Structures are given as structure tokens and as C-alpha cells.
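**Student:** Structure incoming, see below.
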Amino acid sequence: MTLTRSFVVLMSVLFFNLSFAKEPITPIVTPSHLNKEKIALGKALFFDKRLSKNDEISCASCHQLTTNGADNKALSDGVDGQKTTAKTPTVYNAVFNIRQTWSGARTDLFDQVDAPITNPKEHGTTWAKVIAKLSADKKLATKFKRIYHSPISQQNIQHAIAEFEQSLVTTNSPFDRWLQGDQNAIDSRTKQGYQLFKRYGCISCHQGRNVGGNMFSKIGHFGDYFQDRGGEITEIDLGRYMVTKNPYDKHVFKVPSLRLSSLQTHFFHDGSQNDLSDAIRVMAKYQLGRAIPEQDIQSIRAFLTSLVGQHPELMSPYEAE
Amino acid sequence: MKQSSFFSKIINLSIFFMLIWVAYALISSAQDDNKAHQNRVQFLFSSNAVDAQLNQFALKIIAVDMPEYDELVTLTQRLDSLKSLVNSQHSPFAATTSDLQQKISHYFALIDDKMLQLERIKTAASLMRNTLLYLPQLNKELQLQGSKDALIAQQLYSDVLSYNFYADEVKLVEIQSKLEVIGDRKQSPLIKNLKQHLQVQLVQQHDLKNLYNAFVATPSKPAFNTLNSSYNQYHLEKLQSSKENRQLTLILSAALLLALIIIYRRLNHARFSAFRSGKLLKEALTSIEEGFALFDKNNQLVLSNTSWFNHHEIDPDNAPKTLEQWQTLQSNQLINQIESHNQTLHCSLAGKWIRTTLNQAHDGAMACVSVDVTSFKHAEATLKKWGHAIEQSPVSIVITDTRGKIEYVNPKFEHITGYQLEEVQGKTPRILRSQVTTTDYRALWLELKEKGQWRGEFHNQKKNGEHYWEQARISAIKDQQGEVTHYIAVKEDITEQKHAHAKLKTAAAVFNATQEGIMTTNSELEITAINPAFTRITGYSAVDVLGKKPSILSSGKHDKAFYEKMWQTLKEQDQWASEIWNKRKDGSLYPEWLSISAVRDEDGHIQQYIAVISDITERKTQEEKIQYQAYYDALTGLPNRSLLLERISQSLLYSERYKQLSALLFIDLDRFKRINDTMGHEAGDALLIEVSARLTQIVRKSDTVSRFGGDEFVILLNNIASIEHCTTVAQKIINELSKPFMIHGFEIFSGASIGITLLPEDADNAKELLRLADLAMYKAKENGRNQFHFFAKSMQQQVNRRVELEHKLRNAIKNQELSLFYQPIVDTQSASLYGVEALMRWQLSDGSFISPAEFIPVAEESGLISEMGEWLIKQACSDIQSLNLNCNCQCMLSVNVSSQQYRLGFNAEILSTILKDTQFNANLLNLEITESILLDNDQAVMNWLQDLRATGAQLAIDDFGTGYSSLSYLRRFPINTIKIDRSFISDLTASEDSAVLVKAIVSMADSLNLKVIAEGVENKVQLKSLNDLGGQYVQGYFYAKPLPIEALQTWVNEHICRFCCKKSKLIESQCDFVI
């Protein structure tokens, strides 16, 4: 019965064109509880190639902070010339995600740090090796001793990097400023884009402060995405099923954040799209089951662009211009 | 005892702490339980809250009441942390039962499941929402296309909606059949899309329903309830059991503690009893003086007391433990004697004597007892010492029995008397008695018996018959009952002392009786003794001087060197003697003959000094009298010939050494012989006395007036300035002695003739000088009485001429032979006449001139200068007044004023009168004085000069530069002009020094605003030099020599323009005056 009642509410909302009392997107606020020393240590480790086999790569190799928190590739380069199996998601604002990785296999950032280190296609090493290498660095060991009051350990490394990643949030975006009351922060087209974004239903999944990242959804509600894409269906393509082993979760992925989507070159878990407009079209087709006119796509793009906030490491799109 | 109380304190304390600990353990375990329980309950509540929130969110999602899912992210994180906590070591349920843990796992599995379902609900809800959003638009598009299916689409849409509200299978089948119809018929994309969306909508509706149902059906609530009740059950059980445990523990602990306390108390009591009995034994042992040590049958020390250790001088802590070790210790002592089988005697290094006895006890143990016998040993030693003392005594000792029979004599007795012990044993000391003894033996015995001792002297006889004196002391020796057993006589040979005493007596008698004063001092020079003669001579009694220093006698007449020499002699020769002046008690000085001897001890150190004093005042007086008679004339008291000769010799020495001039005046009274003959010797003597008195008055004290013999006197004038002084004195003498004498009421006229010799010019010894003076005296007599005559011819001539000059001068004044000349003074700058100097000239009747240098001193000496000076000023003023009137000019007049005139009474008053009489302008008068008059710096002279200046006359210094030319007097005295001495001018061209001096004088005068007149300018060269040096006024032959007033008038007329006289211009054409 409750379900029925909810539908009445839903209908009234839709048909009487009532707006939400509260916007489904909220501004990003700078986290305040972080330890500066640990951030500094985490940052050093984030850029430290000793955290990989043969000192080939670091976290920052794929999560390029100046670009968009990820690289501009469909699939990234791991050790020994290998390619990763999924598109590298941005590390910016990752702290707001309900779970980490496309499939939500990792609980939080702390847990997530472990994933690429031992992944043979990514950092391809073991914690024992990493710890041995880092412990040989007396200066670093002293630093750990001072900050964590204990020798270098997997736990400490993960914690420090996670602490650093928590600080990677983009604030003060034009859209956030608009949300906070600055009517001139975005232009009318952007505003229109936002309205379209809501009206088309994109907002159903891409909401919250991270415009996504806080729920899971199947790719291809309408039509078969993978069939249309072609190619073999990999483990990665199975998505959350690999975590829950529930048939229902096949091809279910964590809805990605759209905060920095306008800075991305490649989209979706497989990096199959390399244009934002195309990505929007693909989304409309498979997720909304409809086509969006070109004019609206451009408006939505404008809206997406206004979501990009600022971080000292991130090269601002406005600067790039 | 201390230790045991310390232990008991520790035990008491530990029991106390145990009690505290038990209490603490009980309380803390209860607290621990409590806290863990709280944590668990908290955890369960949190978990339940997550579950509740999940339910709430699910409802919200279904109701499309969630615009965004960030809250779900937060919830997920909360769940994650709860899960990680429960899976970690720190899980609040870690210590609980496995059943509980299983239930928790189960519960969290359910919540996890719900979370996953919620995710699917989210997905499904979004999809359904989007489809619902799209369907009306699709329908609209179909209608716009005019599609036949628009209607059916509309119907389907409402069917789907109604199915949503009233979901039944019939409706679903109906909808699906309708969908198939659409799909079969047309394949337009719009229709196709519509169909797809409707199908998705249906599926999603279905799914969402199923999902939500499944979500709601998830039995998390029951699971929680089970868990909660299980836990509550667990907690209750736990609570119960822990309470029981605690009680049990408490009871057990209490019992344990009680037991402990009882045991401890019992132990303590037993220990105390044992300690008390042990203490008693120890106290008993400690209190005895004997050392005690007990060794068990294994020879181990088991008991000992303090005395034992003290006797062995061993620290109880380090003491040996076995009998053998103790015996070794004893045998190592300084003296170790074995007295018997079980008794030994030892003497330690410290001199402690210990006797140790060893006794076998019944059980094989050994008991040792030690006794300190040191005091006995010491007494023994003392006795031995006394024996030695008597044997080696330096005095004789005789011991007799009560009847006086000798029992013992010591070696000294044998040595003194010559008797051996064997010879005198059994005899009485009477054998020593000499025939001359004075000792009352009866009294001796009486006293000895009454008082137990006697003291006295014996005059005894040795074995060889020699007599000797003994001082004896006889004492009775009593036993313990007080009975006299023996007598002991201690005797000392005092023969030597007796003799010495006798000597001393004699010495003392001498000391007291002698006429010489005797004073002894110790080495510190403190007076130790004086004799009566000393008191008689010095007036000091023993009370006054004993302990004082001899310096109280010092007269102060002798210098330091005198006493230093005295001490030096004393030190070297141990004796010294000299005549010395000392002071009596009454302060009078007296001469004494002092003889001092130093007395040294055996080491050569001075022990005392003995001074013997003889008063030689009497002798001295005699000596002085004799000396006086030798050197002085008895009648007049004047030095006699002998002293005179000495004095002359001395004067000669001085004269030579210091280039002094002295004179000897040999005086012979005229007419003395006649007076003597006619009026008798007494009158002659009286005359001589009166003469000597007059002579003494005339001369200075440093001069010697002596009576040479008869009516001859000789005066020695020491260190005279000039011969004039000598002649003055001679003249005075003649004058004085020419005056009448009153002798015995008669006026007597005498007179004197004097012969003079000069020292050291005339002779180099006294006798020759006297002879020559005598000779000169006769010469004087020859020239008539009341004359003096120099021995030296030149002197005599000089005197003669001076007398002659004076005579002539008097006549000259009378006859007006003196005249005035005037020398012009020229102002070279204006080439005019400045003034004239008036100079006195004396022209004899034969036409010759006598130089002023010759007659002025005579005039000054004779006092004629006074008259002459006044005349000069008067005349000159008169002359120049008329000159000035004649020429109508202001010619200055310079006149010389001598210091003699000042003495003779010339003053401002006289000057004023003259000026008044002559009507001469005082401002034109220049009084020239010499530097010497200023040098005395006499206030009277100063006043005199100032008075003169006050008349309007000016003052000039004559002959400046020849005396003590001093700037200071120029400033002090009211001087207007300086006249540079002619000697500078004559040297001016030859000597550079003169030029510098003149230049200095001129510039100095300039600065003091004085005029400078240069004297004695004789030629043009001098004049030019002078002009170059700045000299303005010039006097000298170059211009004119001194001229009589008539000639001066003529000179002025010739050289000075008559009309320009006021301007004082010299006529250039007639004389080369101007440079």
C-alpha cells in the first residue's frame, strides 16, 4: 500500500510540475578533519614509483592530478607494458563515492589503495617488497616513525595515501556557487542544461554532491549495450556481479561522478566513448531509452562544464583555455 | 631489635597494601564488566539504528522522497565501520560466547543483504521513474503524429498505471496481450519505443515490488531481537556469576589475610621471647669486666662479650670465629708469656696487659676468661722506676730505722762522703758530724718526731776529713697503720752555694757603699737595679727607674751618631766609657763619666748591661774656669791675646776660602799711662772697663773686641763690605773714645790712635797682621792723636784724599765753586729739543775739574749731598725756567736724586717749596733715580717716590740696564721714563747682544707706556742703529756736550728755530741732526 501512495506523490510531482524543495545536487565542501603531515606523506607516496614492480609507475602515473585525476586513455598503462582492464576513474572527489572501483569492490579509499598495488596488470608488486624498499629509505622511515609512531607498514602507507586522496576535492565550481546563491555564476544556457539534465532523468542516477558515485546501476536498461559495443564480454563488463555473484548485478556499475566529466577524454568503464556528447547520447539511448536532440546535448554539456571545481593540483579548464 | 621492628613494619605495610589491592581488584573488575557491557549495548543500538535508517531510506526511495543519495553513502560508511569493528580484535563481543558472535554475524549478514537490496531498489526506482517521466511525452508525440495507436497507447499507459495501483495477474495478461497487438501490427519506431518503455515499466514495477517486499521481509528485526535478548540473557548470567566470584574472592582474601596476621603475630611473639632471654644473658656478660668467650666443641665461637673484644682490641664485626684463630692472634701480640698450662699473659702494642685463662667445659666446649692486668703491671713498673730514681739521684739519700741506724745510702752519698754503704750500714749519721757543726741535733729529733719531718743544714766532715755544707730534709716513712718505720734523709751539698753567697754579700755591700752610681739593665735595656749613689747623682730612686729605659736620663745634648757609636763599641768590645751629658730628675743637665759593660751568658748572648756613673760636674766647672782664664781677660772679660790669635787665624781661613775682606784695628789709648800714674791703677782699670764697654757697643756681635794687654785693644772686623766700613768704624771709635769718661767722679779725657791692617791682603798669619797693625798704630800716633792709619800705602792715600776732598768740598760749597752744566736731550723723530739734564761741575780755582764720580760719593758719605742736591734743583729750575721763558718752549729738566738724599731728609715738601720759589712747572721736572733705590722694595721708599710724583714731577730710571733691571719694579713704581745706560749705546754697533737688549728695552717700555732716553750717543752710526731700534730720545756728544746755562742758551738759539721752538724743531741746515 505504501508503494501505491508513493506513486500518487510521484505523479503529482510530475504532472503538476512541482520542483523539488531541495536541489538534488549539493556543493562540495573542503574537508576539515585531515592531518597535514599525513597528507604530505601520502602525497609523496602517491608519486612514489617504488610502490610498483621495478619502480615503473606510481599512483600518479594513471591518476594524473593536473589532467582530471585520471589519464586521457581508454585503458591505462600498467607494469611490464600491460594495459589495465578498466578505464581509470578520477581520483578527485573519490572520497564521496559510496564504494570504490567500477564494481564497488573496495569499501573506501583506504581499502582501495591496496587494489592497484597487488594487481599484476597495474603496480604488479607485493606489500612486502614495497615495505622493504621504502624502509631502506632512512629519511622516509624516520618520517613514518615520527608521524605514525611505528615503522613503515601496509596499514600506514594505505592510510597516508587515503588521507591525501581525501584532500583531493574540487570546490568552488561555478555551479556550486550558483547553488549557494550566486545567480550570475552560470549563464542561462547552463541553467537550461541543468533543467534538461533533470527533465531527461539523468538526475535520477547522477545526483548528490558528486553528481553520481553514490549508487549502482545497470548499463543498458534499453537495448543491449555490450552487444552493440561488440567485443568479448570480460570480467570487468560483468560489473558488480563479480562482487555479489548475484545475477541481478550483471553489468551493474557504480554510477560515475560527472563533476570532472567535461575534462575527460574517455568515458564508461571500458573507455569506449571518447567524446562527451557521444557519451551523453549513449547514456540517453541505453539508460533513458530515448534520443536527446543535439541542441539539448550541448546545453547539458554546458551544465556539465559548470560542475568543474578547483583544486591546487588540478589545471583549471579555464586556465587551459 | 631495631632490625626486627623494621621487618615487622615492612610486613605490616605489605599486609595493608594487600588489603588495598584486593579492594581495588574487586572494584575494578566490576567496573570493567560494566564498561564492556555499555560498549556492547552501545554497539547493538548503533546497529539497530543503521537497520532502522535503512528501512527509512527504502521507504523514502519508494516514495521518491530522496532527491539525492549522499545520506546513503554516510549510512553505508557507518555500517562499514560497525562491521569492521565487530570483525576486529577489539570487537565488543570478542570475549562473549560463540553463540552470541554467531548471532551478530547473522544479523550483520542480514543488514548487508538489506543494503544490497536497497542498492537495487535505488536502481529500479530510478529506472521506473525515468520511464514514467517519458511515457506521457511518448503518448503526446504519438497523438501529434496522428497515429492510430495513439489511443491504444493512451489506454496502455493508464493500464500500466492502474496495474501499478492494483496489481493483479489478469490485468497484466491483458496489458501484455495489448502490447503484443501493438507490436505485431506496426513497427514504427515511436510505437516500438513506447512498447519497450511500457514493458520496462512493467518489469520495473514488478521488480521494485518484489525487491521491496524482499527487503521488508528480510528478518533483520527478529534477528536483532534474538540477538538483543540473547545478549541480555548473557549479561544477566555474567552479572550473576561475576557477583558470586567477587564475593568468593572477597571471602577468600579476608580469610587469607586473617591467617597471615595470626601467623605473623605468633612469629613475632616467639621471636621476642627468644630475643629477651638472649638479651638478659648478653647484658650479664656485658656488665662484667672480665672478658668471656665460649667456643663449642668444634672450637667455633658461640658467645662472647664486649670486654673480650676490648681486651683483644678487635672490632667485633671482624673478629675471628675459631679458637685457633684467637690463639694465633694472642701469640702474635707484643709480649706473649705462657704462665701455666691454661694461663697466658699478653701485652698488646697499646700497652694493654691481658691474662687469659682457658677452661674445659663438660661438653667439650672451651670457656675463655680474660682479665686486664695493665694497672698491676704499671704499678710494678712505677716501683722499679722509683728504685732507679733513688739509685741515680743527684742528691744523697740516707734511709735509717727509727733509731737512726743507717739501712741504706745511695751512690751519691757514697760519692760525696767517701763512705761505702757497707761501711755505714748499722751506724748512725753521727759519723759525718764535724767539730764545728752548729746544728742542734736535739731540736732535730724533737721536730722530726713531732712533725714527721725536719729541714736544715749540716756542717759535716767527709771520710777524708774535708768539711762540707749540706742542706737536708729528713722525713719519716710510715706504714699503712701510720707507724713510723724508717726515716729518709735527702741531702744536698751546698758548699759551693755557701761560698757564692758570701761573695754576693760582699758585692752587695760594695754596690751600696760605692760613690759611683751603678745601674744594671737586662738585655732589653730595662733597668733592673740601681745603687744609692745612682740616686744621689741622678735624683732618681729605684721606684722611679726600675723597669724603665736608661733613655730617661738622656740630656739631648748628644746626637744620634754618638749613641750609635756607643752601641757599636759595646757590641764589639763589651765595654764603653765616655764623658756624657745626662739629665737629672729635676731636669738639670750634668756631665758624667759613664762606663758601660755588657755581661754575656755562656752562649755569648748579652744578658745584662752594667753602667757605672761618676758625676764630673765639679771637674767640668773647674775645667771651664781654667779654659776661660786662658782665653779671656780677667779685668774686662774681653777675649785675651790667645783667643784673639785663634780668631784671627779662623778669620784668615774664612777670608781665603770665601774671598772675604776683614780688618784688624789696633787701638792704643792716649794718655792712659798718665791716668794710671796719677789716679792709680783702680782708676786705670775702671777706664779700661769703660773703654771696653764703649768698644763693644760700636762693633757688630760677629766682630771680636779683645784686650791685647795694658791699654791696647784689638778689634777684628770680620767680613766687611768695603774699606769704607772699616774707616767708618775707626772714626766712630776715635769719636767715642774722645768723649769724656766719668771715673771715680772725675771727668777724664782720653782718645785713641788706631792702626789698621786688612785680611788677608796685608799678611797671611795672625802675628804678622798684629805686628803690622801695631806699626800702623804708631804711624797714626805720629800724625797726631785721634787718628787712624792704614798699614797699606794705597789705602792710606785713598783715605787721605777722601778726607782732603771732603774738606775741599765743604770749602767749595762755601765758596760756590760748584756750578751746573746742561746736556740737551733731542727728540729725533721731530728733530726737536726734548729737554736737558742738569749735571754738577766742580771747577777748582786753578781751572781743573774734579769728576762728579769722585766727589759725589764723598758728598754722599759726608752728608753734604743733601745741601748740594737741594741747591742743584733750585739752581737748575731757575735756569731752565728762564730758558723756557726766553725761548718760549717746554724744555724738560732732568736732575739726579740719590738715595742718600732720601735718607738725609729730602722730600716732596722741600721739592714743592723749591718749585714754588722758582715757579718752575713741575710737569717739566724729571727726577732721575738709580735702580738700586728700588731694589729694597721698601714701602717707605715707595711712599717717598709717590709723594714726589704727587708734586707733578716725573720719575726716570737712570743708568737702566746696569743693575737688576726688572720689569716688575717698573710696573710697581710710578716711573715715566727710562734712561738706557751709555754702555749699551757704545756697544750698540759692536755687539749684537746690546742691540737685542736695547730693542727689548724699547719695546718693553713701549708696552708700559714709558719714554726711553738713550744716553751717550756719540756718533751718527749709533744714532742710526738706535733709530732703527725705535729709540726716540737721545742724549750725547753727538748733539751736544754738557753746557753751561749761557752756552745752552746759545746752543738752543743756534739749533732750534726760535719761532718754532714750540714745535721744537731743529734747524737742519746748521747741523746734521736729522738722520
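**Student:** Expressed as a rounded percentage, what relative contact order does the stretch A:36-166 have, with Cα pairs under 8 Å and six or more residues apart? Write down the numbers at each step before the final one.
**Tutor:** On the way: 209 pairs, mean separation 38.2, N = 131.
With pairs under 8 Å counted, the relative contact order is 29 percent.
**Student:** Separate question: What percent does the relative contact order of chain B come to when contacts are Cα pairs within less than 8 Å and at least six residues apart? All intermediate terms of the calculation are to be shown ahead of the outcome.
**Tutor:** Numbers: 1460 pairs, mean separation 44.7, N = 1075.
Value for chain B: 4 percent.
**Student:** What percent does the relative contact order of the stretch B:817-1055 come to when contacts are Cα pairs within less than 8 Å and at least six residues apart?
**Tutor:** On the way: 387 pairs, mean separation 48.8, N = 239.
The normalised contact order for the stretch B:817-1055 reaches 20 percent.
**Student:** Within the stretch B:140-195, list the chymotrypsin sites (Phe, Trp or Tyr not before Pro) lying in a DSSP loop whose Cβ has at most 10 other Cβ atoms in a 10 Å radius. Could the numbers behind the result be given before it?
**Tutor:** On the way: sites: B:TYR157, B:TYR163, B:PHE165, B:TYR166; in loops: B:TYR166.
Listed in order of number, the matching sites are B:TYR166.
**Student:** Would you list which lysines come within 18 Å of B:LYS451, measuring only between C-alpha atoms, while excluding same-chain residues fewer than 8 positions from it?
**Tutor:** B:LYS478
**Student:** Using all alpha carbons of the stretch A:36-166, what is the percent of pairwise distances in each 5 Å bin, ordered from the shortest bin to the longest?
**Tutor:** In whole percents, the pair-distance histogram is 2, 11, 21, 26, 21, 12, 6, 1, 0.
**Student:** Aspartates and glutamates near B:LYS140 by alpha-carbon distance under 13 Å, same-chain residues fewer than 8 away left out - which ones?
**Tutor:** Partners found: B:ASP149.
**Student:** Let me ask something additional. Please give the calculated 222 nm ellipticity per residue for chain A, where each DSSP H segment of at least 4 residues contributes -39500 (n - 2.57) and the sum is spread over every residue; nearest 500 deg cm²/dmol? Numbers along the way, then the final one.
**Tutor:** Working: 15 runs with 128 residues, N = 321.
After summing the helix terms and dividing by the residues of chain A, the value is -11000 deg cm²/dmol.
**Student:** Taking trypsin sites (Lys or Arg not before Pro) that fall in a DSSP loop and have at most 10 other Cβ atoms within 10 Å as cut points, what is the longest piece of chain A between them? Each step should come with its number before you reach the end.
**Tutor:** Details: sites that count: A:LYS22, A:LYS245.
Answer from the scan: A:23-244.
**Student:** Further question: Please give me the summed charge of the neighbours of B:VAL409: other residues whose Cβ is under 15 Å from its Cβ, Lys and Arg +1, Asp and Glu -1.
**Tutor:** On the way: positive: B:LYS405, B:LYS412, B:LYS427, B:ARG430, B:LYS462, B:LYS463, B:LYS491; negative: B:GLU391, B:ASP401, B:GLU407, B:GLU414, B:GLU422, B:GLU423, B:GLU470, B:GLU492, B:ASP493.
In short, -2.
**Student:** Using the Karplus curve 6.51 cos²θ - 1.76 cosθ + 1.60 with θ = phi - 60°, what ³J(HN,Hα) values do you get for each residue of the stretch B:275-282, in whole Hz, with x for Gly and Pro?
**Tutor:** Residue by residue, the stretch B:275-282 yields 4, 5, 5, x, 5, 4, 4, 5 Hz.
**Student:** Also, quick follow-up: Across the protein assembly as shown, what fraction of all alpha-carbon pairs, as a whole percent, falls in each successive 20 Å bin from zero upward?
**Tutor:** 7, 14, 11, 7, 6, 8, 15, 18, 11, 3, 0, 0
**Student:** Here's another thing I want to ask about it. Quick one: helix B:939-950 against the long Cα principal axis of chain B, what's the angle to the nearest 10°, folded into 0 to 90?
**Tutor:** Here the helix axis deviates by roughly 80 degrees.
**Student:** Going by a ≥ b ≥ c, the root eigenvalues of the Cα gyration tensor, does the stretch B:28-100 fall in the rounded group (a/c under 1.5), the prolate group (a/b larger than b/c) or the oblate group?
**Tutor:** On the way: a/c = 3.19, a/b = 2.76, b/c = 1.15.
Prolate, since a/c reaches 1.5 and a/b exceeds b/c.
**Student:** Using the Cα atoms of chain A to build a convex hull, what is its mean projected area in square nanometres? Write down the numbers at each step before the final one.
**Tutor:** Working: hull surface 75.5 nm².
So the Cα hull casts an average projection of 18.9 nm².
**Student:** Considering only Cα-Cα distances, which of the following residue pairs are longer than 19 Å: B:LYS412/B:LYS503; B:LYS148/B:LYS192; B:LYS60/B:LYS171; B:LYS83/B:LYS209? Display every interim value, and only then the final one.
**Tutor:** Numbers: B:LYS412/B:LYS503 27 Å; B:LYS148/B:LYS192 14 Å; B:LYS60/B:LYS171 28 Å; B:LYS83/B:LYS209 29 Å.
Too far apart for the 19 Å limit: B:LYS412/B:LYS503; B:LYS60/B:LYS171; B:LYS83/B:LYS209.
**Student:** Give the Kirkwood hydrodynamic radius (Å, one decimal) of the stretch B:363-507, defined as one over the mean of 1/r across all pairs of different Cα atoms.
**Tutor:** Numbers: mean 1/r = 0.0566 Å⁻¹.
About 17.7 Å, per the Kirkwood formula over Cα pairs.
**Student:** Sticking with this structure for a sec: On C-alpha positions alone, give me the angle between the axis of helix B:189-217 and the longest principal axis of chain B, in degrees, nearest 10.
**Tutor:** Helix B:189-217 sits at roughly 80 degrees to that axis.
**Student:** Let me spell out the model: positive unit charges on the Cβ of Lys and Arg, negative unit charges on the Cβ of Asp and Glu, origin at the Cα centre of the stretch B:514-621. What dipole size does that give, in debye rounded to 20? Walk me through the numbers on the way to the answer.
**Tutor:** Details: 13 positive and 16 negative charges, 100 e Å.
Rounded to the nearest 20 debye, it is 480 debye.
**Student:** Treating only the Cβ of Lys, Arg, Asp and Glu as charged (+1, +1, -1, -1), what charge dipole size does chain B show about its Cα centre? Round to the nearest 20 debye. The partial results should precede the final answer.
**Tutor:** Numbers: 112 positive and 124 negative charges, 990 e Å.
For this selection, approximately 4760 debye.
**Student:** First select every other residue whose beta carbon is under 12 angstrom from the beta carbon of B:PHE788; then total the charges, Lys and Arg +1, Asp and Glu -1. Present the calculation step by step, with values, prior to reporting the outcome.
**Tutor:** Numbers: positive: B:LYS732, B:LYS779, B:LYS781, B:ARG785; negative: B:ASP668.
Here the count lands on +3.
**Student:** Net charge near A:GLU163, counting Lys/Arg +1 and Asp/Glu -1 over other residues with Cβ under 11 Å of its Cβ? Spell out each step's value before the answer.
**Tutor:** On the way: positive: A:LYS36, A:LYS38, A:LYS43; negative: A:GLU37, A:GLU165.
Around A:GLU163, the charge tally is +1.
**Student:** Also: Within a 10 angstrom radius of the beta carbon, how do B:TYR487, B:TYR69 rank from fewest other beta carbons to most?
**Tutor:** B:TYR487, B:TYR69
**Student:** May I pose another question? Could you check how many percent of all C-alpha pairs in the stretch B:647-791 are farther apart than 18 Å?
**Tutor:** Numbers: 5538 of 10440 pairs.
Counting every Cα pair in the stretch B:647-791, those more than 18 Å apart make up 53 percent.
**Student:** Plugging the Kirkwood radius over Cα pairs into Stokes-Einstein for the stretch A:231-270, at a temperature of 4 °C and a viscosity of 1.567 mPa s, what D comes out in µm²/s? Please list the in-between numbers first.
**Tutor:** On the way: Rh = 11.4 Å.
Answer, rounded: 114 µm²/s.
**Student:** Which residue, chosen from B:LEU444, B:GLN497, B:HIS459, occupies the Cα position most advanced towards the positive end of the dipole of the stretch B:393-498, where the dipole is computed from +1 (Lys, Arg) and -1 (Asp, Glu) charges on Cβ about the Cα centre?
**Tutor:** So the residue we want is B:LEU444.
**Student:** I've got another one for you. If you bin the C-alpha pair distances of the stretch B:289-377 every 10 Å from 0, what whole percents do you get?
**Tutor:** 18, 56, 25, 2
**Student:** Have a look at the stretch B:2-226 and give its Rg and Dmax from the Cα atoms, expressed in angstrom.
**Tutor:** Expressed in Å, the Cα Rg and Dmax of the stretch B:2-226 come to 31.5, 123.
**Student:** Rounded, prolate or oblate: which fits chain B, taking a ≥ b ≥ c as square roots of the Cα gyration tensor eigenvalues, rounded meaning a/c under 1.5, else prolate when a/b beats b/c? Don't skip to the end; give the middle numbers.
**Tutor:** Working: a/c = 7.45, a/b = 1.54, b/c = 4.84.
Judged from the Cα gyration tensor, chain B comes out oblate (a/c at least 1.5, b/c at or above a/b).
**Student:** What angle do you read, to the nearest 10 degrees and between 0 and 90, between the alpha-carbon axis of helix B:1045-1055 and the longest principal axis of chain B?
**Tutor:** With both axes taken from Cα atoms, the answer is about 60 degrees.
**Student:** Size of the dipole of the protein assembly as shown about the Cα centre, Lys and Arg at +1 and Asp and Glu at -1 on the beta carbon, nothing else charged, in debye to 20? Don't skip to the end; give the middle numbers.
**Tutor:** Working: 150 positive and 156 negative charges, 1585 e Å.
That gives a dipole near 7620 debye.
**Student:** Something else about it: Excluding same-chain residues fewer than 8 positions from A:LYS49, which lysines have a Cα within less than 24 Å of its Cα?
**Tutor:** Reachable lysines: A:LYS36, A:LYS38, A:LYS73, A:LYS83, A:LYS87, A:LYS121, A:LYS129, A:LYS133, A:LYS138, A:LYS139, A:LYS143, A:LYS145.
**Student:** A further question follows. Rounded to the nearest 500, what is chain B's calculated 222 nm mean residue ellipticity when only DSSP H runs of at least 4 contribute -39500 (n - 2.57) each, over all residues?
**Tutor:** Working: 35 runs with 590 residues, N = 1075.
Calculated mean residue ellipticity at 222 nm is -18500 deg cm²/dmol.
**Student:** For the stretch B:655-731, just say rounded, prolate or oblate: build the C-alpha gyration tensor, square-root its eigenvalues into a ≥ b ≥ c, call rounded for a/c under 1.5, and beyond that prolate if a/b exceeds b/c, oblate if not.
**Tutor:** Details: a/c = 2.83, a/b = 2.73, b/c = 1.03.
Note, shape of the stretch B:655-731 comes out prolate.
**Student:** Right, next: Per q in 0.14, 0.22, 0.25 Å⁻¹, report the Debye log10 I(q)/I(0) for the stretch A:31-96, using one uniform scatterer on each alpha carbon and no solvent.
**Tutor:** Result of the Debye calculation: -0.47, -1.00, -1.16.
Where a number appears in this text, it was derived from the coordinates with a stated rule and is not lab data. Treat the numbers as computed from the prediction; the structure is a model and nothing was measured. Heads up, the Cβs are rebuilt from the backbone with ideal geometry, glycines too, and the neighbour counts pull from every protein chain shown.
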